[in-house]
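Nothing in this text is a laboratory measurement; each read-out follows from the coordinates by a stated rule. Computed from a predicted model, the values in this text were never measured in an experiment. Ideal geometry is used to build each Cβ from the backbone, glycine not excepted, and the neighbour counts take in all protein chains shown.
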Amino acid sequence: MRRWLGLPVAAVMLTACVTINVYFPAAEAREAAEEFVEKVIGDEAAAPEPVPEGEGGQSASLKPASLAPAIGPGPVAGLLAQAGEVDWWALAGIGGARAQGQPDITIRTPAIQAIQARMASRFDSQLRAGFDAGALGFAADGTIVVRDASKLPLKDRVAINQAVADDNRDRKAVYREVAVANGHPEWEPQIREVFARQWIASARKGWWYQSGGSWKQK
């Protein structure tokens with residue numbers, strides 16, 4: 001009877017293992033996208049947000065020691081604490097599942113860094129001026145577009161159009177490469193979506209971006 005009672009627990013743990021290993025790590029992807037995008041756009045990044053302080057304007061780590069409980073844990077609490085230290089995943093024979101379930105999105109492969117270097121050089125030499133002039137904008141699908149060619153000098157329009165085409169080719173390549181480099185080619189649409197939001201989030205004041213089918217200015 002005891003053997004049969006253990007089966008549901010094992011089934012739940014194995015199911016959890018499968019779920020953990022395949023989920024899309026959105027938070028890690030956002031961090032990777034922000035790092036990539038800011039390096040492409042340049043060193044004019046917005047100032048980092050201040051770390052929130054604890055109650056009363058004091059950091060939580062600096063609260064007086066007198067606030068800590070003066071009485072140690074009782075027998076029951078001690079047993080629970082010891083139980084909490086047990087690696088139940090390892091006991092189930094699936095050790096390391098938790099670490100695999102929280103991957104660090106890799107953007108430092110040679111292929112990705114080569115694309116990033118090209119994009120950064122192109123942005124600084126050609127595309128930044130187009131964004132500053134209001135001629136270019138970040139599209140909702142993670143690409144850039146010429147939204148108002150009249151704001152470009154006539155002599156520069158052909159070169160800017162070519163730069164936009166080259167950059168969009170690199171953008172599509174990097175979304176695919178990030179997904180493949182992290183062992184999940186099926187993540188490409190989600191990677192693209194995360195990057196698309198990050199290009200807009202990192203847009204400097206005065207730049208244009210697409211939202212809800214219309215153009216807006218930061």
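Points worth noting:
- Against the test of being of a type in the set (A, V, I, L, M) and closer than 17 Å to Phe195 by Cβ, the options Val164, Val158, Val146 yield a single qualifying residue, Val164.
- Lone qualifier among Arg204, Arg128 - being in contact (Cβ under 8 Å) with a residue 60 or more places away in the chain, surrounded by fewer than 20 Cβ atoms within 10 Å (Cβ to Cβ) and assigned to a loop (DSSP other than H, G, I, E, B): Arg204
- Of all the residues in the stretch 158-194, those that are in contact (Cβ under 8 Å) with a residue 60 or more places away in the chain, part of a helix (DSSP H, G or I) and either farther than 20 Å from Ile41 by Cβ or in contact with a Phe, Trp or Tyr (Cβ under 6 Å, 6 or more places away or on another chain) (or both) number 4.
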